[in-house]
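*Asks:* Mind having a look at this structure? Questions to follow.
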Amino acid sequence: MTFDFSIPTIGLFTDALPSVLASGTDPLAHVLDRESAISEFLGFKVKLSAVSIVLCAAVMLGILLLAAKRISTGKPSEGTSRYLTRGRFSQIVEVFVQGLRDGVLVPLLGKATTTSFLPLLLSLFFFVLALNLVGLIPFGDAQELAFAMGSGGLDGAEQNLIFFGGTATASVSVTAGLALVSLVAMLFQASRELGAKGMFEHMCGGKELLQGPKGMLLVVPIIFVVEVLGLFIKPSALAIRLFANMLAGHTLLATIFMFTAMALKAGGWGLAAPIGVVSIAFAVAISFLELFVAFLQAFVFMFLTAVFIGMMSHGGEHEEHAHAEGHGVPAH
């Protein structure tokens, strides 16, 4: 692998651009996961998604630890100012955390269960959000364009000259791994709250059904099979939903840029310029939609994980009843 660090020219830029924009004719080439150039240094294959996971995890860990330090109560010598969150970004993080905890998770799971799973659920939200947002920034395309300008174009042997970039959540292997975390959390909550016997009764339709009329026992095997399948279908739906949404949006963006690349190859800049202006306008609009989807899918993944955890527990329901009865409010 050789690198050319010569000063680029406009001619090199225009020659390399058609081969970079959506690979000319294949929009999926810039969306699907591929091997990273780091593989040649490490001696084994590493996917771009794996690099993104490590980088995003490290960056988010550092950012959130810094935000937590600025949110925490300061020294007594600071007076009343020690209760104020320092920094705009830290204030945004605090708003997200409080909103998700008090507005979503506590009403859904109850205080006790929320306290137990809040670190996991917030970690899922911020991690998925980071992976989605990084995918909106064309790091890979920028590297590919730089290498293409150095070589006058991309050929099959040079298409792995990308160290990091892409949308990790557009890879089903990544979303499946995240869904596996949700499955483990569900099983952990079920074993902790219900125990082995209670979990088996839950999978059979509940104690009321098992101890009810003998004729109803005929439906227990059907319910058990459905519950077992549902135990794996639920996290699978999480993985497919996140993967499909991120893949579809980025494929649409790549397809829009493909029109400019095809026009540039067919008729030069005279044809590509007006098409490019229209493509950029549509791409900007879709990028704002993709930004909304990035936040939405991170929230949906966290929210549904919390819902599935809550389905394995009755603690939140009991807590709400006890709280209502303690204040003289009839539970319902």
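Only the coordinates and a few stated rules stand behind these numbers; no lab work does. From a predicted model like this one, the values you see are computed outputs, not experimental measurements. All Cβ positions, glycine included, derive from the backbone under ideal geometry; neighbour counts span all protein chains shown.
*Asks:* Given the Cα-Cα distance of Val225 and Ala57 and 0.36 nm per residue of separation, how much length would full extension add, in nm?
*Replies:* Taking 0.36 nm per residue and subtracting the Cα distance, the gain is 56.8 nm.
*Asks:* For a quick check: with amide H placed at 1.01 Å from N, whose amide H comes under 5 Å from Lys47's, ignoring anything fewer than 5 positions away on the same chain?
*Replies:* Answer set, sorted by chain and number: Ser36.
*Asks:* Could you pull out the pairs from Lys197/Lys234; Lys45/Lys234; Lys45/Lys265; Lys69/Lys111; Lys45/Lys69 whose alpha carbons sit more than 27 Å apart here?
*Replies:* As for pairs spanning more than 27 Å Cα to Cα, those are Lys45/Lys234; Lys45/Lys265; Lys45/Lys69.
*Asks:* Return the ratio Rg/(2.2 N^0.38 Å) for region 46-196, where Rg is computed over Cα atoms only. Let's see the in-between values first.
*Replies:* Values: Rg = 20.5 Å, N = 151, 2.2 N^0.38 = 14.8 Å.
The value comes to 1.38.
*Asks:* Where does each of 252-261, 73-82, 57-66, 133-142 land if you order them by average Cβ count within 10 Å, highest first?
*Replies:* Put in order of decreasing packing, that is 252-261, 133-142, 57-66, 73-82.
*Asks:* Given 0.36 nm per residue, what is the gain on full extension from Phe188 to Thr80 after removing their alpha carbon distance, in nm?
*Replies:* 34.7 nm
*Asks:* Also, quick follow-up: Fewest first, what order do Ile309, Ile280, Ile222 take by the number of other Cβ atoms within 10 Å?
*Replies:* Ile222, Ile280, Ile309
*Asks:* Return Val225, Val181 ranked ascending by Cβ neighbour count within 10 Å, so the fewest neighbours appear first.
*Replies:* Val225, Val181
*Asks:* Could you give me D for region 30-76, from Stokes-Einstein at 4 °C and 1.567 mPa s, where the hydrodynamic radius is the Kirkwood radius over C-alpha pairs? Units µm² s⁻¹, please. Could you put the intermediate results ahead of the total?
*Replies:* Details: Rh = 13.1 Å.
Answer from the Stokes-Einstein relation: 99 µm²/s.
*Asks:* How do Lys111, Lys197, Lys69 rank when sorted from fewest to most other Cβ atoms within 10 Å of their own Cβ?
*Replies:* Final ranking by Cβ density, sparse to dense: Lys197, Lys69, Lys111.
*Asks:* What are the ³J(HN,Hα) values, in whole Hz, obtained from phi via the Karplus relation 6.51 cos²θ - 1.76 cosθ + 1.60 with θ = phi - 60°, for each residue of region 223-240 in sequence order, with x given for Gly and Pro?
*Replies:* For region 223-240, the Karplus-derived couplings read 4, 4, 4, 4, 5, 5, 4, x, 4, 9, 5, 4, x, 5, 5, 4, 5, 5 Hz, x marking Gly and Pro.
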